[in-house]
Amino acid sequence: MAEAEHIMPDIEIEELGNLMKTELINCISSDIAYNSGSEFFLIPRIHPHIRTIDINSYDPIILSIGPYNNGSSALSSMESEKWNRLDYILKLNCEKGLKDYLTIINGLEKRARMCYSGDIKMNKRKFLQTLLLDGCFVLVSLGGLNEFISATPQRVTASSSHAEIVKEDLASGQPNLTERTDKNTRNQNAIQNTAVEENTVLEIELCSEISGHETEQCIYQDNTRQIGQWYDIFVIHDLLLLENQIPFFIVEGIYEVVSSNKMTPMCKSSVAGFIEMTLSFYPTAIRESNRPTDFDHLLHLCHMYFRPNSNQEEHEDHTVQSYIHQFLQLGQGYLSHLGSSRDGHFPNRWRRATQYHEAGIEFRRRTYYEHNPHSLLDIKLRNGILEIPFLFVDDQTSVLFRNFVALEQTCPQVGNDVTAYIIFMAKLMSMPDDVALLARKGVIAHHMRTDRDVSQLFTRLTKGVVFDFYGNYYLNHLCLALEVYYQNRLHRWVAWLRHNHLSNPWLVVAAVAGVIVLLCTIAQTVLTVESYVNP
């Protein structure tokens with residue numbers, strides 16, 4: 001009888017089933033089918049557990065892009081600048097009105113919502129307005145309209161000296177800067193001076209269709225320069241955060257309306273050129289001729305510049321294979337007792353820089369050649385010399401790398417190359433003396449307080465990261481080659497002798513002299529014995 005009282009009636013079961021069916025439909029309709037065949041990548045929410053490791057690496061400072069951080073009171077100061085960009089775009093093409101831009105954004109709204117994995121608590125009107133304002137900010141601030149403006153100068157009426165400077169800059173292919181600076185100074189301060197491409201004072205005709213009034217002369221003003229260099233750094237910081245993104249097809253849609261054509265590759269090339277200037281401190285293998293055109297948002301575009309060079313990989317694979325074969329032959333007897341992984345290969349592990357150095361491996365800063373460029377991830381081992389591309393480390397390095405790792409951990413389509421590189425460098429620089437060694441070799445340079453801060457920075461970057469050391473990652477062959485070299489006793493003996501007894505040139509001379517004396521003594525002894533045996 002007691003069991004019968006706990007049985008739910010059929011009516012309540014049916015009501016519960018209907019509620020669950022409604023909830024299931026809502027969840028399915030608001031979510032995205034996450035698979036490798038998706039034509040775009042998710043812009044996910046960072047998990048709270050990962051966010052607590054370093055919250056400053058994921059939250060914007062002054063600028064909100066996309067729906068996740070929209071409405072934050074701490075970021076409200078930049079909202080007027082977004083409207084300023086929208087006003088600038090509306091005045092560029094008098095044949096198009098605000099309705100034309102909202103119409104194309106409305107057609108992309110459903111696709112844009114599917115790009116976000118988090119719950120977007122925005123109604124349709126607010127979401128469309130956010131996409132349009134943020135898209136205009138990205139398009140104008142990153143120079144996406146440079147090609148369009150230079151191709152159609154009749155759309156812009158310039159009546160000031162500033163406008164003349166803009167025309168000269170566009171003709172020479174340079175970004176539009178407020179102040180006319182020396183070329184060398186501009187190259188040295190690329191990151192600080194190029195955050196906003198269009199900071200000029202232009203006089204543009206305002207169409208009655210846009211303003212609702214008679215045509216009048218208006219001035220486009222960018223007041224962000226009043227903030228100074230902080231603005232440049234903070235905007236770059238915020239535009240490259242994973243949660244602070246909008247799908248780039250929104251920017252392309254705005255560009256198509258303002259340019260009245262479908263020449264979006266020109267827009268992508270201009271934005272990619274801005275990213276190249278932003279990444280001027282890092283070696284990249286991508287040039288203007290092969291700039292990426294298939295990217296989904298700004299962080300994804302930036303991530304493409306950190307991929308290993310495919311041509312370099314083919315050459316290095318051949319070098320590493322011959323290198324492994326050579327040392328397997330020399331040390332096959334000794335290495336036979338080593339443990340093996342589940343695939344029968346040597347254990348995949350990385351060691352500290354000082355440990356490799358004690359085993360005879362030399363570290364060298366990889367030389368950068370314009371005719372054969374390499375990216376930051378192109379690490380090469382050849383003849384016992386580990387060549388590592390130059391790495392500059394500061395606080396911004398941590399932010400950029402954290403968002404790269406977050407992108408790779410949440411979007412498997414982009415691969416795991418940056419994650420593998422960071423884990424390798426974190427193990428290589430586990431202790432302050434490792435950082436000091438690499439700094440002496442010219443491999444790294446940093447503006448941190450101590451070497452310990454650098455090692456701790458990379459150690460924290462790997463916290464919470466999921467990585468398969470037995471998987472197919474681009475440093476797999478390098479890892480195996482380093483372990484083979486490290487386990488060879490002959491290499492360690494020679495390295496010990498060189499580091500402890502042959503580091504001083506006078507000791508080398510004394511050792512050579514001692515060897516000569518020893519050989520002469522042996523020869524004299526042999527000749528003496530021979531004279532007694534055969535007088």
Q) Which residue, of Asp317, Asp343, Asp378, is among the acidic types (Asp, Glu) and modelled with pLDDT of 85 or more? A) Asp378
Q | Lys96 vs. criteria under 18 Å from Val251 (Cβ atoms), at pLDDT below 90 and crowded, with 16+ Cβ neighbours inside 10 Å | A | yes
**Q.** Filter result for Tyr68 (within 20 Å of Glu243 (Cβ to Cβ), out of contact with any Leu (no Cβ under 9 Å at 6 or more places or on another chain) and crowded, with 21+ Cβ neighbours inside 10 Å)
**A.** yes
Q: State whether one or more residues within region 429-437 are at pLDDT 90 or above, closer than 30 Å to Thr410 by Cα, of a type outside the set (Val, Ile, Thr) and under 21 Å from the mean Cα position of the chain (by Cα).
A: yes
Q: Could you identify the single residue in Tyr88, Tyr68 that is closer than 22 Å to Phe249 by Cβ and part of a loop (DSSP other than H, G, I, E, B)?
A: Tyr68
Q) Restricting to region 276-309, what's the tally of residues that are closer than 17 Å to Ala420 by Cβ, out of contact with any helix residue (DSSP H, G or I) (no Cβ under 6 Å at 6 or more places or on another chain) and assigned to a helix (DSSP H, G or I)? A) 1
**Q.** Selection within region 381-397 - over 20 Å from the mean Cα position of the chain (by Cα) and under 20 Å from Tyr369 (Cα atoms)
**A.** Leu381, Arg382, Ile385, Leu386, Glu387
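The values are calculated or read from the model by the stated rules, or taken from the named source; none is laboratory data. Quantities reported herein were computed from a predicted structural model and do not represent experimental measurements. Every residue, glycine among them, receives a Cβ derived from its backbone with ideal geometry; neighbour counts consider all protein chains shown.
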